[in-house]
Protein chains: 2
Amino acid sequence: MIKRGSSTVADATAKIRAIGQRATPARVRVLALLGGTPRGLAHQEIETALARSGEGPMDRVTLYRVLDSLVSGGLALRQADESRIFRFSAAQQTEAHAAHAHFRCDECGRVFCLAAPPPPAPALPAGFRLSRMSLDLRGECRECTSRRRTG
Amino acid sequence: MIKRGSSTVADATAKIRAIGQRATPARVRVLALLGGTPRGLAHQEIETALARSGEGPMDRVTLYRVLDSLVSGGLALRQADESRIFRFSAAQQTEAHAAHAHFRCDECGRVFCLAAPPPPAPALPAGFRLSRMSLDLRGECRECTSRRRTG
DNA sequence: ATCTGATTGCAACAGAGTTGCATGTGCAAC
DNA sequence: GTTGCACATGCAACTCTGTTGCAATCAGAT
């Protein structure tokens, strides 16, 4: 699932230095985590993931500030989802798609970015100008579906 | 700007009754306000507008619950914007279908429900179950586009 | 090894939204 | 027109997400 090899860590360190910021352990850990996770993560999820990892927990506020610095340096993306929480992801994963699709699990609330083909733009009323488009799917993710079946 | 004639109030009352809810003063006021305002309003803005109107202020929590009831009845739309606050607008039409499209104007914040052709469901990872799908378009609506051109 | 400004951790705060509960009221039945 | 009662309201207290102030610490340059 999450790649924790030293190459990811070295990669994260290099990227952080490249934007002129200090490669602190906190930043490296967070960026490596984001880089190894295909979907957008909420602050809460990141905090939990870090606490479970070998290096131990990170302060709530520090994590917010680390995320801020990564976002302002362009290494991470931040978007508000429909439940009013920010989700963070490593930059290169989403920046390519002007129009991309999200799957949101109604059970656990997680959001998955899908590599969906851009759907054809529907007919707009005259005079409307389209700038962005996103396809939002909702349902149940694999884990929640199987958990329901199993348990 | 906001139409305060009795016809709007009567209209709001009728719509609320039509969905099987009680036409209380709070609901009627809020729905009439939303119906007479072209853009999405934040809870805070609605509260202020109501306080300034002749009928006096409304309790914060009551307003949240009124908005909830309007949304669940399909008379209003609620979406989280980029600054993590909900914006509410009158629904143009009650469309209870599983897959529909919204157009949101980045300029005035209004939301339009489009009669979009059913978009092809993209390939989901194995184990995922799809329940709803919505296509969200953003750009500029006709009025804002022409207003910009005209002056 | 030392220095220094950036970074961290703690505590306290802020704003949006929610919940519990006692009181009040729309509206349908009488 | 009255009445009953389920639903709606108002208040207080709460949760959750994110921010700010400040003293202590540390990364990286010298």
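Read-outs: derived from the displayed coordinates by stated rules, not from any lab. In this text, all values refer to a predicted model and were calculated from it rather than measured experimentally. Every residue, glycine as well, gets a Cβ built from its backbone with ideal geometry; the counts of neighbours run over all protein chains shown.
Structure above, values below:
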| item | result |
| --- | --- |
| Single residue of B:61, B:28, B:71 found to be β-branched (Val, Ile, Thr) and either touching a Cys at 6+ places or on another chain (Cβ under 8 Å) or loosely packed, with under 15 Cβ neighbours inside 10 Å (or both) | B:61 |
| Residue that is farthest from the chain's Cα centre (by Cα), among those in the stretch A:36-52 that are within 24 Å of residue A:18 (Cβ to Cβ) and more than 13 Å from DNA strand D (Cβ to nearest atom) | A:50 |
| Every pair of residues 6+ apart whose Cβ atoms lie under 8 Å, when the first sits in the stretch B:66-89 and is away from chain A (no Cβ under 14 Å) and under 15 Å from residue B:39 (Cβ atoms) while the second is aromatic (Phe, Trp, Tyr) and in a strand (DSSP E or B) | B:76/B:88 |
